[in-house]
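**Q** My questions will all concern the structure given below.
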Amino acid sequence: MRYAPESVDQVVSNAPQPGLRGDYRNIRPDYGVEQDWAAYSAQEHALFAKLCRRQLALLPGYACDAYLRGLALLDARDAIPRFDAVSSRLKAASNWEIVAVPGLIPDRVFFEHLAQRRFPVTVWLRRPDEFDYIVEPDVFHDLFGHVPLLFDPAYADYMQAYGQGGLKAARLDALTFLARLYWYTVEFGLIRTPQGLRIYGAGILSSGGEVVHSIESPAPRRVAFALERVMRTDYHIDRYQGTYFVIDSFEQLVRDTAPDFTPIYARIGALPALAADTFAPGDTLL
Ligand code: HBI
Ligand code: FE
């Protein structure tokens, strides 16, 4: 989702939450809250359904098959679903579940949830005037963008490994590198298929304009995924991406991110960051 993740910590830790929309007053130690499904208005359910309809009209031919299969299992298009109902289906498919949160939570807490196969889903929905663009992740971005792929076992394993890696990165002060990996895979990743390029990144799948742009536009670079290249590359949080990284499979993602990152952090920590919209030596352009 489009926000500066490193800003999450200082904002979330200063109560009350300047700049964050959610209600952090009743959080549990793991930042979990009740979803309070009865509190959603008919207008909110209608807005959620309208957001789903817009994306469902856009995604065929652009979203990867694993996402479309997960979306059918999520079965949430007419109203904001009850998180516990989604969790029971998710648990059966990949042993993941949802934890309701008030919005952005500190990196370490976020990683701890992922490491336990729990995906934090924001409980509030954007306003109608934010139909096309919202800064913080809301329930539509998290549920419609992120949750469907968690029904896919290979991707579900990657997300748990990412959480475990995040806890280690926090200790090694390497969160910037890991945030970039999250950004260019989980949020804005593309995947190569026999039918052509497809989308698996939640930030694209939940966006009205970036779905077609990420696949059709001649403007951005599309570069074959390379772990250190991704970890060195800055990103835009307020416009379409200048570079998309392309994997061949989720198994590749799991394999390429399996090694211990410590020596990688040491190597790239000594190198300058790469701008979001430039080529780099060794890039395989697609
Ligand atoms: N909190 N609720 C929530 N959702 C996120 O996606 C999220 C977060 N906190 C931190 C975070 N993402 C980023 O730092 C990731 O790059 C890890
Ligand atoms: Fe997100």
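**Q** Relative to the compact-globule scaling 2.2 N^0.38 Å, provide the ratio for the alpha-carbon radius of gyration of the chain. Could you put the intermediate results ahead of the total?
**A** Details: Rg = 17.9 Å, N = 286, 2.2 N^0.38 = 18.9 Å.
After normalising by residue count via 2.2 N^0.38 Å, the value is 0.95.
**Q** Given an 8 Å cut-off on Cα distances and at least 6 residues of separation, report the relative contact order of the chain as a percent.
**A** Relative contact order comes out at 19 percent.
**Q** Binned at 10 Å from 0, what are the whole-percent values of the Cα-Cα distance distribution for segment 82-228, short to long?
**A** With 10 Å bins starting at 0, P(r) equals 11, 38, 37, 13, 0.
**Q** At 0.36 nm per residue, minus the direct Cα-Cα distance, what do Arg69 and Arg255 gain on full extension? Give it in nm, one decimal, please. Each step should come with its number before you reach the end.
**A** Details: separation 186, 0.36 × 186 = 66.96 nm, distance 2.29 nm.
Length gained between Arg69 and Arg255: 64.7 nm.
**Q** So, R0 is 22 Å and r is the distance between the beta-carbons of Ala154 and Glu216; what FRET efficiency does that work out to, to 0.05?
**A** 0.25
**Q** Find which of Phe83, Ala100, Ala226 sits farthest along the positive direction of the dipole of segment 6-269, computed with +1 on the beta-carbon of Lys and Arg, -1 on that of Asp and Glu, about the Cα centre.
**A** Positive-end residue among those listed: Ala226.
**Q** Another one. Stretched out fully, how many nm does the piece from Lys168 to Leu56 gain, at 0.36 nm a residue minus the Cα gap?
**A** On the way: separation 112, 0.36 × 112 = 40.32 nm, distance 3.73 nm.
Fully extending the segment from Lys168 to Leu56 adds 36.6 nm.
**Q** When the Cα centres of segment 65-106 and segment 175-205 are compared, how far apart do they sit, in Å?
**A** Between the Cα centres of segment 65-106 and segment 175-205 lies a distance of 19 Å.
**Q** Also, quick follow-up: Gap in Å between the Cα centre of segment 122-168 and the Cα centre of segment 216-282?
**A** Here the two parts' Cα centres lie 20 Å apart.
**Q** Okay, moving on. For Arg108 and Ile237, compute 0.36 nm times the residue count separating them, minus their Cα-Cα distance, and round to one decimal in nm. Intermediate values should be presented prior to the final figure.
**A** Numbers: separation 129, 0.36 × 129 = 46.44 nm, distance 2.08 nm.
Going from the current span to full extension adds 44.4 nm.
**Q** R0 = 30 Å: FRET efficiency of His45 with Ala161, Cβ-based, nearest 0.05? Show your work: numbers first, answer last.
**A** Details: r = 35 Å, r/R0 = 1.16.
With a Förster radius of 30 Å, E is 0.30.
**Q** Given the options Arg192, Arg229, Arg127, state which has the largest fluctuation in a GNM of the chain using a 10 Å cut-off (strictly under) for Cα springs.
**A** Arg127
**Q** Now for a separate question. Hey, rough spin-label estimate for Asp30 and Arg89, points 7 angstrom out along Cα→Cβ, what's it come to in nanometres?
**A** Reported label-point gap for Asp30 and Arg89 is 2.2 nm.
**Q** Compute, for the chain, the length of the dipole vector about the Cα centre, with Cβ point charges of +1 (Lys, Arg) and -1 (Asp, Glu) only. Units Debye, rounded to 20. Walk me through the numbers on the way to the answer.
**A** On the way: 29 positive and 35 negative charges, 56 e Å.
In total the dipole reaches around 260 debye.
FYI, it's all coordinate maths here, none of it is from the lab. Bear in mind that the values here come from a model prediction, so they are computed numbers and not experimental data. Note that we place each Cβ from the backbone using ideal geometry, even for glycine, and neighbour counts take in every protein chain shown.
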